[in-house]
Every structure is written in C-alpha cells, then in structure tokens.
Amino acid sequence: MRIPFFSFLMTSPFDELLEHAEKVRECSWVFQQAVECHVADKCDAFEDYRKEVDKLESEADAIKRRIRGHIPMGTKMPVSDFQLFLYLKEQDKVLDSVEDALNWVSYGIGLGMPEALKKDFLLLIDSVIEPIEELSRMVAEAKKYFDSYSDKQRNIVKKIIHNLRQREHEIDHMEDRLKFKAFSMGFDPISVFHIVRLVETIGSIADHAENAGDMMRAMIARRRKPFFS
C-alpha cells in the first residue's frame, strides 16, 4: 500500500504555496479595481488601491520567507527544494509585476488613458486576471496529485498549465494590438511611451504566470519516487 509523503508532515509546503497564491489572487482583484479607476479618469481612490496592493505584497513576502525558511533539513518531499523555490520565485514575480504596473500608472497619473484605447485596455486587464486566478487552482490540484499520484489528477494539473500557456499567447496578441494602436493614432510621445510601457508591464504578469506553470509541469514530471509502497 502506498502512503503519501505528506501524511508524514505536519504541514505540506504546498499548503503555504497555496496560501501565497491566494494572496497573489487577492492582490489581483485590487489591481483590477485600481486600473479601472485610472481608466475612468474621475476616480480618486487610486492611491488607496495602490497602498492596499503594497500591503498585500508585504503579506505575501512574509509567506514567501516562511516557505523558504521553514522546511526542515532532511524533510522528505516529492520535489526538490530547488524546484519548489523556482516555482515560488515565478509565482512571486506575478505579484511584483502587478506592483510594478501600478507604480508605473502612478508616474503618469495625470496622463489618463485615451478614449480610443480604453476598451482594449480594459479587455487586457480582464484577460490578465484569469491566469492569476488559475495559479491558486493549479497549486491546489497539484497538492492533490502529490497526495495521491493519480494519473487523472496529474492530467488535471497539466490541463491548467496548458490553459495558462494559451492565455499568455492570447494576451501577447492583445499587447501587440494595443501598442500598434498607441503608435498609430497620433498621441503625444510621452503618452505613447507611458501606455506602451504599461501594456508591456501588464503583459509580464501573464508571462510569469505561464512560467509558474512551466515550473509546476517540471515538478509533476520529475517527482521523486515514493519511499513507501
């Protein structure tokens, strides 16, 4: 009879990875409200949203430090510490990119968003939120896989990873269309630079979500054999 690794641990590292992913997801909701506020032009709450994102990012950092510092030496896990930390790094970069995007908005808060770009820009924001939300689901389903080593469960995780790749590819195309519009519609150079840089920073959120998926695929592909069977 196979006995899962994590039955021998008080807490699975994947529990804390999930806690971190949930914090990233919570941050993404505030990020969405902040950007919608910026696009609306008449919103006075942008700075409050940005401060809330900073607060959530600090809380996520505390979880990250706990994961890195609280795995006892000699703990038997189905993946290496190295793989686990590579995954955590990419998941954390999602949050860094969210914070970078809001900081960049704040630098050009008086520039606003040209009316001709608002619809496409809001679609980009909506599209970026989905991959962030999928990270939580991916970690939760991966934990189930490492508890059971079920092929069916493994396929569920792989499907989520495939969806992350597909969404990132679609977001790349949305980025390109927005940048082309910004360059071709005769806006002033400062506005064009601000918009293009903002769009690229927002796009990097999906890039890091896809990278996290790739790290997860490596973990489920190269899992260690159980010590008990």
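Scan region 25-64 for residues that are of a type in the set (A, V, I, L, M, F, W, C) and either farther than 24 Å from Asp120 by Cα or outside any helix (DSSP H, G or I) (or both) and report the count. Residues in region 25-64 being of a type in the set (A, V, I, L, M, F, W, C) and either farther than 24 Å from Asp120 by Cα or outside any helix (DSSP H, G or I) (or both): 6 in total. Return the residues of region 94-115 that are in contact with a Phe, Trp or Tyr (Cβ under 9 Å, 6 or more places away or on another chain) and loosely packed, with under 15 Cβ neighbours inside 10 Å; say none if nothing qualifies. Answer for region 94-115, where residues must be in contact with a Phe, Trp or Tyr (Cβ under 9 Å, 6 or more places away or on another chain) and loosely packed, with under 15 Cβ neighbours inside 10 Å: Ser106, Ile109. Among the candidates Asp147, Asp120, the residue that is more than 27 Å from Asp92 (Cβ to Cβ), among the acidic types (Asp, Glu) and either touching a Leu at 6+ places or on another chain (Cβ under 8 Å) or surrounded by 16 or more Cβ atoms within 10 Å (Cβ to Cβ) (or both) is uniquely Asp120. When Phe46 is tested against (1) crowded, with 19+ Cβ neighbours inside 10 Å; (2) within 24 Å of Leu164 (Cβ to Cβ), exactly one condition is not met: (2). Residues that are surrounded by 15 or more Cβ atoms within 10 Å (Cβ to Cβ) and of a type in the set (S, T, N, Q) were ranked within region 175-223; the one that is modelled with the lowest pLDDT is Ser191.
Based on this model, can you work out whether Val157 counts as more than 26 Å from Glu47 (Cβ to Cβ), at pLDDT 95 or above and either of a type outside the set (D, E, K, R) or surrounded by 18 or more Cβ atoms within 10 Å (Cβ to Cβ) (or both)?
Numbers: more than 26 Å from Glu47 (Cβ to Cβ): yes; at pLDDT 95 or above: yes; either of a type outside the set (D, E, K, R) or surrounded by 18 or more Cβ atoms within 10 Å (Cβ to Cβ) (or both): yes.
When the stated conditions are applied, Val157 passes them.
So which pairs qualify, if the first residue must be in region 101-115 and over 19 Å from Ser28 (Cβ atoms), the second must be in a loop (DSSP other than H, G, I, E, B) and not charged (D, E, K, R), the Cβ gap must be under 9 Å, and the two must be at least 6 apart or on different chains? Qualifying pairs under 9 Å: Pro114/Met185; Pro114/Phe187.
The values are calculated or read from the model by the stated rules, or taken from the named source; none is laboratory data. Given the structure is predicted, the values throughout are model-derived calculations rather than measurements. Virtual Cβ from ideal backbone geometry, glycine too; neighbours counted across all protein chains shown.
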